[in-house]
Amino acid sequence: MVDVGDKNITERVAIATGVIHLKPETLRLIKEGEIKKGDVLAVAQVAGIMGAKKTSDLIPMCHPLALTHVDISFAENLDPDPETGMCDITIQATVKLTGKTGVEMEALTAVSLSALTIYDMCKAVDKGMYFNNIGLLHKSGGKSGTFNRK
């Protein structure tokens, strides 16, 4: 791992996003609470938070961090894409801490695990789901300063 011992303690924030694409019927089942495994977005939210907290167990060179805040939110797009016929859910994770290293990997892991959880919970009705556009939107704090994706 990289030695972060000499770095300054600052507030660090990272916001990541990703999109899961699914059939309109699958999104309807999610919204109406009809997926047999349970409340899909509530479970995906918990999975994202757990993923952020366990990132150093999953990514070999990540430092274990004492996160101070993790928020997972979802934005449902009910309008099917004219080309694919798929609807989508945008996942956004915000992760914060006060420390010596950033939380980008934790935010990205949170989005990824949320998407994987949605897939797992809905795969019985929609094996064609896919996710993409997982990436960092914002990061602040630390020596490298602020980053905002354009």
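The values are calculated or read from the model by the stated rules, or taken from the named source; none is laboratory data. Predicted model only: the values in this text are computed from it and were never measured. Glycine gets a Cβ as well: all are built from the backbone with ideal geometry, and neighbour counts include every protein chain shown. To get the accessible areas, we keep the full protein, side chains included, count just its heavy atoms, and leave off ligands, DNA and RNA. Shrake-Rupley method; radii C 1.70, N 1.55, O 1.52, S 1.80 Å.
Just the residues that are more than 24 Å from residue 62 (Cα to Cα), within 17 Å of the chain's Cα centre (by Cα) and open to solvent by 20 Å² or more (accessible area, probe 1.4 Å), please, taken from region 78-116.
Listed by number, the residues that qualify are 88, 90.
I need the full set of residues from region 1-20 which are of a type outside the set (Gly, Ala, Ser) and open to solvent by 30 Å² or more (accessible area, probe 1.4 Å), in order please.
The answer is 1, 2, 3, 6, 7, 8, 9, 10, 11, 15.
Identify, by number, the condition in (1) within 18 Å of residue 132 (Cβ to Cβ); (2) open to solvent by 50 Å² or more (accessible area, probe 1.4 Å) that residue 71 doesn't meet.
That leaves (1) as the condition not met.
What single numbered condition from (1) of a type in the set (Ser, Thr, Tyr); (2) open to solvent by less than 30 Å² (accessible area, probe 1.4 Å); (3) farther than 18 Å from residue 109 by Cα fails to hold for residue 55?
(3)
When region 1-22 is examined, which residues are found to be in a loop (DSSP other than H, G, I, E, B) and in contact with a strand residue (DSSP E or B) (Cβ under 7 Å, 6 or more places away or on another chain)?
If the condition is that a residue be in a loop (DSSP other than H, G, I, E, B) and in contact with a strand residue (DSSP E or B) (Cβ under 7 Å, 6 or more places away or on another chain), then 9 is the only one that fits.
Do we find a residue being open to solvent by 70 Å² or more (accessible area, probe 1.4 Å), modelled with pLDDT of 95 or more and over 30 Å from residue 34 (Cα atoms) anywhere in region 120-133?
no
Can you pull out every residue in region 134-143 that is open to solvent by less than 50 Å² (accessible area, probe 1.4 Å) and outside any strand (DSSP E or B)?
Correct list: 141, 142.
Cβ-Cβ under 6 Å, sequence separation 6+ or interchain: first residue in region 82-93 and basic (Lys, Arg), partner open to solvent by 30 Å² or more (accessible area, probe 1.4 Å). Which pairs?
Listed by first residue and then by second, the contacts come to nothing, as the list is empty.
Can you find a residue in region 111-120 that is more than 21 Å from residue 8 (Cβ to Cβ), out of contact with any strand residue (DSSP E or B) (no Cβ under 8 Å at 6 or more places or on another chain) and among the acidic types (Asp, Glu)?
yes
For region 49-98, enumerate the residues that are among the hydroxyl-bearing types (Ser, Thr, Tyr) and either touching a Pro at 6+ places or on another chain (Cβ under 8 Å) or not in a strand (DSSP E or B) (or both).
Passing the criteria: 55, 56, 68, 84.
Whether any residue in region 29-39 is closer than 22 Å to residue 133 by Cβ, open to solvent by less than 40 Å² (accessible area, probe 1.4 Å), modelled with pLDDT of 95 or more and not in a strand (DSSP E or B) is what I want to check.
For region 29-39, residues closer than 22 Å to residue 133 by Cβ, open to solvent by less than 40 Å² (accessible area, probe 1.4 Å), modelled with pLDDT of 95 or more and not in a strand (DSSP E or B): present.
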